[in-house]
1. Quick one: give the max-minus-min coordinate of the C-alpha atoms of the range 6-83 along each principal axis, largest first, in Å.
2. Can you pull out the chymotrypsin sites (Phe, Trp or Tyr not before Pro) in the range 38-82 whose DSSP state is coil and whose Cβ has at most 12 other Cβ atoms within 10 Å?
3. Using only alpha carbon pairs under 8 Å that are at least six residues apart, calculate the relative contact order of the range 6-83 and give it in whole percent.
4. Please determine, in degrees from 0 to 90 and to the nearest 10, the orientation of helix 38-52 with respect to the longest principal axis defined by the Cα atoms of the chain, where the helix direction is its Cα long axis.
5. From the helices alone, meaning DSSP H stretches of at least four residues, give me the mean residue ellipticity at 222 nm for the chain, per-run term -39500 (n - 2.57), in deg cm²/dmol to the nearest 500.
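What follows draws every value from the coordinates through simple rules; no lab data is involved. Predicted model only: the values in this text are computed from it and were never measured. Neighbour counts are summed over all protein chains in view; Cβ atoms, including those assigned to glycine, are modelled from backbone coordinates with ideal geometry.
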Amino acid sequence: MQDTSIKAGFIFFLLSVIPLISIMSSWGIEFFNRVTIFIPVACGIIGLIVSLYGKSGWIKFGLIVGNILSIGTWALLLFVAIFGFQAP
């Protein structure tokens with residue numbers, strides 16, 4: 001069970017990071033136009049929860065830190081999208 005949670009945490013981490021990487025680069029922006037900003041946040045939160053149940057070690061620590069950074073980055077982008085683009 002613990003090995004499966006590490007794999008699932010890694011998959012959810014990738015699902016939350018790949019749209020972020022495609023936004024910053026020019027190779028896949030058209031593919032992720034239909035992805036809302038809330039789906040990667042949800043994947044990051046699910047990945048963090050699932051990663052907490054993994055067996056202890058540096059992989060678990062890396063997944064927890066990566067998911068927290070992903071959630072924080074998406075939260076910052078969400079904050080800018082909601083409050084930053086309002087007309088004065």
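1. In descending order, the Cα extents are 37, 27, 16 Å.
2. Here no loop site has a sparse enough neighbourhood.
3. Taking the mean separation of contacting Cα pairs over the length of the range 6-83, I get 40 percent.
4. For 38-52 against the chain, the angle is about 20 degrees.
5. For the chain, the value works out to -23500 deg cm²/dmol.
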